[in-house]
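To keep things clear, I will list the structure first and then write my remarks on it.
Rule-based calculations on the coordinates, nothing more; no lab input. These numbers were taken from a predicted model, which means no experiment stands behind them. Glycine gets a Cβ as well: all are built from the backbone with ideal geometry, and neighbour counts include every protein chain shown.
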Amino acid sequence: MKIAIDGPAASGKSTLGEALARQLNYLYFDTGVMYRAITLAAIQRQIDLHDEIALTALAQQATIEVTPPSVNDGRQYTVWLDGVDVTWLLREPRIDVNVSIPSTYPGVREEMVRQQRWIADKGNVVMVGRDIGTVVLPDADLKIYLDATVEERAMRRHQESLRRGEISDYLSVLSAMRQRDLLDSSRESSPLQPALDAVIIDSTGRTSASIIAEVNQIIINRRAYVGMAASDSADDGDKTS
Ligand code: CDP
C-alpha cells in the first residue's frame, strides 16, 4: 500500500506521516528533505539559485540518502548529502527562505521524482510532500491533503524553533511562510494542490492525535470496503462456477 500526504509547510504532514508509518510498519519518506538538500548544496558551492541549468545539473549529480537516525538527538531520520550528515543544516532559515526557488525548476523536479518513485517501488510507504498524490504516486491507495491557516502554521514553526533553543520571531516566520506558500502553489511545474481524489483535512485548532485518529479510521473503513468488494467478487465467482 502507498499512502501520499501533501500540504503546505507545517500543516502536520510529518507528524501524521511518521505516526502512520510506525503503526503500519511502512517506510516513512519525507520528500521535502531532497529539495532542501539541493538548496543547501547550491548555497555551499556558491551556485546562484536562479541558475536553472546549474541547479538541474546539481540535482543530477548530488547524492542524497535518507537513513534511520544515526544520532539520538530528536531527529526523525538522518539526511546525507554526498556522504555528509546535513540533517540539521536543512532546517536553517537560509534553507526555508530559499528552498522554493530550485523547487520550481522542472529539471530538478524530474530528477527528484525519479528517485522518489524508485524508493516507493521498494514496498509499502508513507510519502510526504507537495506533489505526491498528484505527480509522484498518482496511483497511491490513500491520498491525504493536510491544510491549516497560515497563522497557525507559522505559530507551530515558531514554537518548534523556540523549543530547539533557537531565536525566532513570529512575524518573520509568518512572512517567510506566506512567501513559500505563494511560490509553491503558483509555480507552473507540479504546484501544491490537492489531488482530485485526496481526502482534505483542515488541522487548524486540532491536535495531531485527533488527525491521526481520523486518518486511522479512514484506513479502517477503506480496508473494510476493499475486503467487502473482494468477498463480493469471490461470491460472484462462486455463482458463475
Ligand atoms: O517541512 P516543510 O513543510 O516546511 O517543508 P518541506 O516539506 O521540507 O519542503 C520544503 C520545500 O520543498 C517546499 O516549500 C517546496 O518548495 C519543496 N517541495 C516540493 O516542491 N515538492 C515536494 N514533494 C516536497 C517539497
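What the table below lists for this structure:
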item: Share, in percent, of DSSP beta bridges within the chain that are antiparallel, nearest 5; result: 25 percent
item: Range in the chain, longest, excluding exposed GluC sites (Glu not before Pro) [loop by DSSP; at most 14 other beta-carbon atoms within 10 Å]; result: 1-165
item: In nm, spacing of pseudo-spin labels at Thr207 and Ser185 (7 Å Cα→C-beta vector); result: 2.9 nm
item: Candidates Thr63, Thr207, Thr78, ranked by Gaussian network fluctuation over the chain, Cα under 10 Å, top entry; result: Thr207
item: CD proxy at 222 nm, helix term only [per DSSP H run n ≥ 4: -39500 (n - 2.57); per residue of the chain; nearest 500]; result: -16500 deg cm²/dmol
item: Relative contact order (%) - the chain, alpha-carbon pairs under 8 angstrom, separation at least six; result: 30 percent
item: Nitroxide proxy distance, nm - points 7 Å out along Cα→Cβ at Ile167 and Ile220; result: 4.9 nm
item: Gaussian network model of the chain, Cα within-10 Å springs - most flexible of Pro138, Pro69, Pro194; result: Pro69
item: Three-way shape label, region 95-220, alpha-carbon gyration tensor, a/c 1.5; result: oblate
item: Most fluctuating residue given options Leu142, Leu89, Leu20, as computed from a GNM of the chain linking Cα atoms under 10 Å; result: Leu89
item: Convex hull volume per residue in cubic angstrom - Cα atoms of the chain; result: 142 Å³
item: Convex hull (Cα only) mean projected area of region 87-161, reported in nm² to one decimal; result: 6.3 nm²
item: Restricting region 1-77 to trypsin sites (Lys or Arg not before Pro) in coil, as DSSP defines it, with at most 15 other Cβ within 10 Å; result: Arg45, Arg75
item: Neighbour-count ranking [beta-carbon atoms within 10 angstrom, fewest first] of His158, His50; result: His50, His158
item: Cα shape, region 61-113, gyration tensor, a/c 1.5 rule; result: oblate
item: Cα centre as origin, Lys/Arg/Asp/Glu Cβ charges: the chain dipole, Debye; result: 440 debye
